[in-house]
Amino acid sequence: MAPITEVEGRRVALSNLEKVLYPATGFTKGEMLHYYATIADVLLPHLHGRSVSFLRYPDGYDGQVFFTKNVPPGTPDWVTTAEVPRSEGPARMVLVQDLASLMWAANLVAEFHTHQWLVDTPGEADRLVFDLDPGPPASVVQCCEVALWLRERLSADGIEAYAKTSGSKGLHLLAAVRGASSEQVSEYAKGLAVEAERAMPRLVLHRMTRSLRPGKVFVDWSQNAARKTTATPYTLRARPEPAVSAPVTWKEVEDCGSPGQLAFLAPDLAPRLQDYGDLLAPLLDVDRAAPLP
């Protein structure tokens, strides 16, 4: 039997706590659950009100990895769910609204991915996102160059951008927007990706053409589509080590000279939160959300 823990008055079954999920560092499932409990205060606001897709890897990144979009079988009745629009018809998805739901979801061993809209207003996007993806030998260092260009370009349109590591090789740029559909945000983001490629043709691609990828940064604007999701801030990723999609300062982006400077593991996050708090907190302030030009 899995040990039952009480979390905020809810009974949550936590299983296989000794199982090593990240072989490179020996990081266990118990440590993963501890990580999520520790950073819940900053993670939960970024999950709140958003339907969650889970990329599950119950035996570690080198085992079976699969996406779960619909409410998983056995989901407790106290976990919030919502009907969300999908092209193939409405579906019911999980919302992680509180600590108990977060611990239940973390026990599934999953990355958390969310849409760029809230379940209450699926017709309006409240996030703009760029996923900067380097084609080797390019790395996050080149992503930082592109991020700085995009930050300035967005700023010219009155849109404030924030950065986080992807938790893999790249960088994510996020901005709070309002008054536009996912389609309109996608069009705008694509326009900026095309502009970036024109401005930095040796460095940037706006199309995912594999043959052109080496040494360049693919500016993926497509995650703005209503059906697409992006790794949530602070989520662990399915990697050999417990890599986190971690918010970073613009100074860190400017100063990045080697990939290791912008690679963060679960144990790095508590001290970063002490130093910086939630660097993405401004995204949660509706008064700072900008209209598209």
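Here the sum of -39500 (n - 2.57) over DSSP H runs of 4 or more residues, divided by the residues of the chain, equals -8500 deg cm²/dmol at 222 nm, to the nearest 500. Each residue was assigned an accessible area with a 1.4 Å probe, and for Glu31 the value is about 80 Å².
Two numbers describe the Cα atoms of the range 97-171: Rg and Dmax, which are 15.9, 43 Å.
Per residue, how big is the convex hull around the C-alpha atoms of the range 80-213? Give it to me in cubic angstrom, could you?
Given the Cα convex hull of the range 80-213, per-residue volume reads 147 Å³.
Note on Glu187 and Arg10: the model spin-label points, each 7 Å out from Cα along the C-beta direction, lie 4.0 nm apart. Restricting the trypsin sites (Lys or Arg not before Pro) of the range 17-65 to loop positions (DSSP other than H, G, I, E, B) with no more than 14 neighbouring Cβ atoms within 10 Å leaves Lys19. Subtracting the Cα-Cα distance of Thr80 and Asp287 from 0.36 nm times their residue separation leaves 71.8 nm of extension gain. The lysine pair tally for the chain, using Cα distances under 29 Å and a gap of 8 or more places or different chains, is 25. Axis of helix 29-47 versus longest Cα principal axis of the chain: the two differ by about 60°, to the nearest ten degrees.
Annotation: Thr28 carries an accessible surface of approximately 20 Å², with a 1.4 Å probe and no ligand, DNA or RNA atoms counted.
Taking a ≥ b ≥ c as the square roots of the eigenvalues of the alpha carbon gyration tensor, the range 1-143 is oblate, as a/c is not under 1.5 and a/b does not beat b/c.
Using the Kirkwood radius over Cα pairs, work out the Stokes-Einstein diffusion coefficient for the chain at 37 °C and 0.692 mPa s, in µm²/s as a whole number. Answer from the Stokes-Einstein relation: 168 µm²/s.
The phi torsions of the range 107-121, fed into the Karplus equation with coefficients 6.51, -1.76 and 1.60 and a -60° offset, translate into couplings of 5, 6, 6, 8, 7, 9, 10, 10, 6, 9, 8, 8, 4, 6, 9 Hz, rounded to whole numbers, with Gly and Pro shown as x. Length gained on full extension, Asp157 to Glu195: 12.3 nm, using 0.36 nm per residue less the C-alpha separation.
What FRET efficiency comes out for His34 versus Asp59 if R0 is 22 angstrom and r is the Cβ-Cβ distance? Round to the nearest 0.05.
Approximately 0.70, to the nearest 0.05.
Residues Ile4, Ile39, ordered by accessible area of protein heavy atoms at a 1.4 angstrom probe radius and largest first, appear as Ile4, Ile39. Heavy-atom accessible area, probed at 1.4 angstrom with all protein chains present, ranks Asp285, Asp131, Asp120 as Asp120, Asp285, Asp131, highest first.
Taking the Cα centre of the chain as reference, the dipole from Cβ charges on Lys and Arg (+1) and Asp and Glu (-1) amounts to some 840 debye.
The distance separating the Cα centre of the range 74-147 from that of the range 223-237 comes to 4 Å. Given a 1.4 Å probe and the protein chains as shown, Glu187 ends up with an accessible area of around 120 Å².
The values are calculated or read from the model by the stated rules, or taken from the named source; none is laboratory data. Here the structure is a predicted model, which means the values were calculated and not measured. FYI the Cβ positions are ideal-geometry reconstructions off the backbone, even for glycines, and counts take in every protein chain you see. Ligands, DNA and RNA are stripped out before the accessible areas are found, and what is left, the full protein with its side chains, is counted by its heavy atoms. Shrake-Rupley method; radii C 1.70, N 1.55, O 1.52, S 1.80 Å.
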